[in-house]
Structures are given as structure tokens and as C-alpha cells.
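The values are calculated or read from the model by the stated rules, or taken from the named source; none is laboratory data. These figures come from a predicted structure and were not determined experimentally. Don't worry about glycine lacking a Cβ; one is built from the backbone with ideal geometry, like all the others, and counts go over all protein chains shown. SASA here: full protein model, heavy atoms, side chains in, ligands and nucleic acids out. Shrake-Rupley method; radii C 1.70, N 1.55, O 1.52, S 1.80 Å.
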Protein chains: 2
Amino acid sequence: MAKKVGVLLSGCGVFDGSEIHEAVLTLLFLDREGVETVCMAPDMEHEVINHLTQEPAGEKRNVLAESARIARGNIRNLKEVNVSDMDALILPGGFGAAKNLSDFAVKGPDATVHPEVSRILKEMTAAQKPVGAICIAPATLTKALGEINPEVTIGNDTGTAAGIEKAGGKHVNCTVGQIHTDEKNKIVTTPAYMLGPGIKDIAVGIEQLVKKIVSMI
Amino acid sequence: MAKKVGVLLSGCGVFDGSEIHEAVLTLLFLDREGVETVCMAPDMEHEVINHLTQEPAGEKRNVLAESARIARGNIRNLKEVNVSDMDALILPGGFGAAKNLSDFAVKGPDATVHPEVSRILKEMTAAQKPVGAICIAPATLTKALGEINPEVTIGNDTGTAAGIEKAGGKHVNCTVGQIHTDEKNKIVTTPAYMLGPGIKDIAVGIEQLVKKIVSMI
């Protein structure tokens, strides 16, 4: 049986959802590894940012329905996904990972993590199944898993790094072409568009992250 | 100076806009070629399809603003883009390419092409600059450029192939891992998700298309 890897999406677009390039590259490299992907997202509303003007649009959309755009309709409601449905889980970045999956982007270390996101992350680490997080997603992951003191990357943003340390994590500096592996907790992270600058650059770190996660299954 | 390649988007999502995987892979392979990309889309409304249910959402969105999600905000209004702004142009697929850039998905060979899409395609071919089209996008390209009888791929869908022939094109059978080059008209096409099945499969044809287009500049 093929290995199964979950991809937890948070909408569709860098400013209010999953960063599209990071999510698509994750799917590409998983497919190249011969892995079956299980896309999922929480069924919740989010505030829309107009990506042309980068201003609030004064409109709400559904995170699950928008994430389905990246997944070509093949997506599950996070609420119905269990740890037994997958061998590993990856969280792409984008503001959605820190505005929808939690409110870390607004509240920093005092953030609240979406209860279903918190549940699946705790279940995965309790089952010693590997979890990957890209770009800003390690902030939400740390807030959910502060008790196990995860080591994570966030690029070199000192404010976010300080927030991560306050939330119980250990921040590790990392370039866009590298990953960091917290061997004890089976957590793999890479900065991607926290550093950029381009899609070919973030592809290097994301490819390594996917390969590492699949090798840890 | 770096070569410049335009990427003409039609929204954000396979059922009502640009196919996201095809668009992102186009951007990835262009970046790996050291090419500067110029994303663009028409400023027009489109009907929204809920990608979770695949049913009409009874809502309209703006093609340019939605396309900006794929382009991370770095996008131009097609109306303001001229042939002198780029050395080549690529059209990813998705239903948006045949429902927004034209109405080929509804009217087949009797389709009308969006006037700005028609203008830029005619200008590009008149200037002998290469044009690439992916998935269903060759249908819209053929309708715009029927007078020059372009040779294009559409996978193996006989209905669409017949529509293309009626619109003045010549349909060429092609696998997902191949491209077809119309050397006379400098048009390169590949079937991508007209055939699929997966993202690793469509990546093969899209990478070849991008390399061929860049080599023809």
C-alpha cells in the first residue's frame, strides 16, 4: 500500500489562505515520491483579502471550499480526518496558516489554535507520526504543541522567532534551501516564502522537506 | 537583460479559472530558466463554481483579482500589457481559459474570444513571438488565431478536437508527457490535465513546453 500524507490547507491565496506555490509544490513532490495525498481543511469562514490591492475586501469565504481550489475538489473536512487516515501530515504556509488555522498573525504567542487543527497535530505527534510545516505554519504548530517544545524554523524574522520561543518552541535559523529536523518530535520545517525570494528558491527547501517526511514514515 | 515571458491567467481554480497546478508549474519552470515572468489577466467578472461541491455558487468574482492569488499580487491588467512587454506568452489551462478568456466551453467553434485576449494573441503571432498554451487553452488560442491555422494539442478528447478543427485549427494527438510545436506559427501546446492523471505527470509536459518556448525567444 502506498504511504499516505495529509496536506492541511487554510484557504487559497498567500494573503488570506494557503500560499498557493508552497501548497502546489508540496503536492508535486509528494506525487513524485509515489505518495498518496489526503488534502484537508477546516470548515470555517475567513476574511477575504483582495490580492490585487492587498486590502480587505469586506467579504467572507469558506476555508474548506477555497482550499478545494488547490486540491481540484479532492479534499476532506478536517473534522472528519483522523490520525489513522495518514502516515504523516504537512502544513503549507501563507497567512491562512497563521490567521485561519490559528490567530498567531494577530495575537502572537497568545494565539488560539483552531480546535480541529490542535487536535490533529496533537494526535499525530502522540502517534509519533512525522509532521512538516512550511513558511509561517511552524508558528501555529508551535502554539498547538508548545508542551513538547518543538524546534522549528521561521527564516530570520526576529519578531516571529521571539513569539515562537514564548509559545514554548525553539527557533532555529535556516536558509530557504534548507530544512530543520526536530528528530525527537519528528517535526520538519523550512522557511520557504518567509525568505523567498522566488518560486525556484522555495522549491529547494520544500522538496527536501517532503523527502525527509516521507523517509521518516 | 533577462528574457521576459508573459503568463495569461483566467482566475484561480480549475472549475472557474486557471488550473492552479498548471499555472504554478509554469511559473516554477520559467523561474528555473532564469526568465522574468509577467503575470496578467483580464479585468472582468466570472461566475464562481464552489470547488467543494462543484456546483455554481451563485456569485461573481473578478478574474484579475482572483488571478492575483496565483501571482502573489504581482499581476498586470491585460488591457495595459503590450507585445513589447514580453518575448513570449504562455496560457495555462483550467475552465477559466475556455469560459473567461473565451466562451469555447459553452459555444465550441462558435465561441467569442475576449477582445483583449484576442488582441494580445494576434499581436504576439504577428510579431513572431512564441506562444504556449496548456490543457484546454489551445481551444481559445485556436478560436483567436484560426486564420493562421494553428496546430495544437488537446489530449484525445474527440469533441474538443472536432471543435478545434472547425475553428480553423489542426488537432494533433499528444500524450501528457509530450508537447507539439507548430514551428511555422511558433505555437507550443501540451495536454496537461486534459489527460492527467496526476501533478507529476502534467509537470513533465509543462516543463518541456516552458523550455521550448524559452529556447524559441
Would you mind getting the accessible area per residue of chain A, heavy atoms of the protein chains only, 1.4 Å probe, in Å²?
-> 36 Å²
Once you have the Kirkwood Rh of the range B:20-81 from its Cα pairs, apply Stokes-Einstein at 37 °C and 0.692 mPa s and quote D in µm²/s.
-> 253 µm²/s
³J(HN,Hα) across the range A:189-198 via Karplus (A = 6.51, B = -1.76, C = 1.60, θ = phi - 60°), whole Hz, x for Gly/Pro?
-> 9, 8, x, 6, 6, 4, 10, x, x, x
In nm, to one decimal, how far is the residue A:36 label point from the residue B:106 one, both placed 7 Å along Cα→Cβ?
-> 3.9 nm
On the protein heavy atoms, probe 1.4 angstrom, tell me the percent of accessible surface of the range A:109-217 carried by carbon and sulfur.
-> 49 percent
Which value at 222 nm does chain B reach when only helices count, each DSSP H run of 4 or more adding -39,500 (n - 2.57), with the total divided by all residues and rounded to the nearest 500 deg cm²/dmol?
-> -10500 deg cm²/dmol
Of B:217, B:131, B:206, farthest towards positive along the dipole that unit charges on Lys, Arg, Asp, Glu beta carbons give the range B:125-217 | B:217
What are the distances, in nm and sorted shortest first, from the label point of residue A:170 to the label points of the same position in each other copy, with each label point placed 7 Å from Cα along the Cα-to-Cβ direction?
-> 6.6
If one builds a Gaussian network model of chain B from Cα atoms under 10 Å apart, the most fluctuating residue listed among B:150, B:115, B:197 is B:197
Fraction of antiparallel bridges per DSSP, the range A:9-90 only, in percent to nearest 5 | 60 percent
Vicinal HN-Hα couplings computed from phi for the range A:100-117 (Karplus, 6.51 cos²θ - 1.76 cosθ + 1.60; Hz; Gly/Pro x) | 9, 5, 8, 10, 4, 4, 9, 10, x, x, 8, 4, 10, 8, 3, x, 6, 5
In nm, spacing of pseudo-spin labels at residue A:170 and residue B:53 (7 Å Cα→C-beta vector) | 4.9 nm
Once you average over the residues of B:47-56, how many Cβ atoms of partner chains fall within 10 Å of each Cβ?
-> 4
With +1 on each Lys and Arg Cβ and -1 on each Asp and Glu Cβ, and nothing else charged, work out how big the dipole of the range B:106-212 is about its Cα centre, in Debye to the nearest 20.
-> 180 debye
Just check the range B:119-217 against the gyration tensor rule for me: Cα atoms, a ≥ b ≥ c as the square roots of the eigenvalues, rounded for a/c under 1.5, and otherwise prolate or oblate depending on whether a/b exceeds b/c.
-> oblate
In percent, what relative contact order does chain A have, based on Cα pairs under 8 Å that are 6 or more apart in sequence?
-> 20 percent
Principal axes of the range A:1-111: Cα extent on each, largest first, Å | 46, 30, 22
Under 14 Å from the residue B:85 label point (7 Å along Cα→beta-carbon), backbone N, the range B:113-130 | B:116-121, B:123-124
Among the listed pairs A:79/A:200; A:4/A:184; A:186/B:3, which are separated by more than 32 Å between their Cα atoms?
-> A:79/A:200; A:186/B:3
State the dimensionless ratio Rg/Rh of chain A (Rg: radius of gyration of Cα atoms; Rh: Kirkwood radius).
-> 0.93
Residue A:132's amide H: which non-local residues (gap 5+, or another chain) put their own amide H closer than 5 Å, with H modeled 1.01 Å from N in plane and none for Pro or chain starts?
-> A:89, A:90, A:91, A:188
If each of residue B:156 and residue A:126 carries a label point 7 Å out from its Cα toward its Cβ, how far apart are those two points in nm?
-> 4.9 nm
Measuring label to label, 7 Å along Cα→Cβ, what does residue B:55 give against each other copy in nm, shortest first?
-> 3.5
Among B:151, B:207, B:183, whose mean-square fluctuation peaks in a Gaussian network model of chain B (Cα, cutoff 10 Å)?
-> B:183
Only Lys, Arg (+1) and Asp, Glu (-1) charged, at Cβ; the protein assembly as shown dipole about Cα centre in debye | 580 debye
Dividing the alpha-carbon radius of gyration of the protein assembly as shown by 2.2 N^0.38 Å, where N counts its residues, gives 0.96
If you put a point 7 Å past Cα along the Cβ direction, how far is that point for residue B:147 from the same point in each other copy, in nm, smallest first?
-> 7.1
Estimated Rh, the range B:177-217: Kirkwood, alpha-carbon pairs, angstrom | 10.4 Å
Which value, in square angstrom to the nearest 100, describes the accessible area buried between chains B and A on both sides, using a 1.4 angstrom probe?
-> 3100 Å²
Taking the dipole about the Cα centre of chain B, with the C-beta of Lys and Arg at +1 and of Asp and Glu at -1, give me whichever of B:141, B:18, B:188 is farthest to the positive side.
-> B:188
Charged-residue dipole, Cβ positions (Lys, Arg, Asp, Glu), chain B about Cα centre, Debye nearest 20 | 400 debye
Do you know the relative contact order of the range A:1-126, to the nearest whole percent, from alpha carbon pairs under 8 angstrom that are 6+ apart?
-> 33 percent
What residue of chain A sits with its beta carbon nearest the rotation axis taking A to B, and at what distance in whole Å?
-> A:24, 2
Taking Cα centroids, how far is the range A:165-217 from the range B:145-187 in Å?
-> 42 Å
Where trypsin sites (Lys or Arg not before Pro) in DSSP loops with at most 16 other Cβ within 10 Å are excluded, longest remaining stretch of chain B | B:4-183
Using a 1.4 Å probe over the heavy atoms of the protein chains, calculate the carbon and sulfur portion of the accessible area of the range B:1-94 as a whole percent.
-> 42 percent
Of the residues B:126, B:105, B:41, which exhibits the maximal mean-square fluctuation in a Gaussian network model of chain B defined by a 10 Å Cα contact cut-off?
-> B:126
Counting sequence-distant residues (5 or more places) and residues on other chains, those with an amide H built under 5 Å from that of residue B:151 are B:170
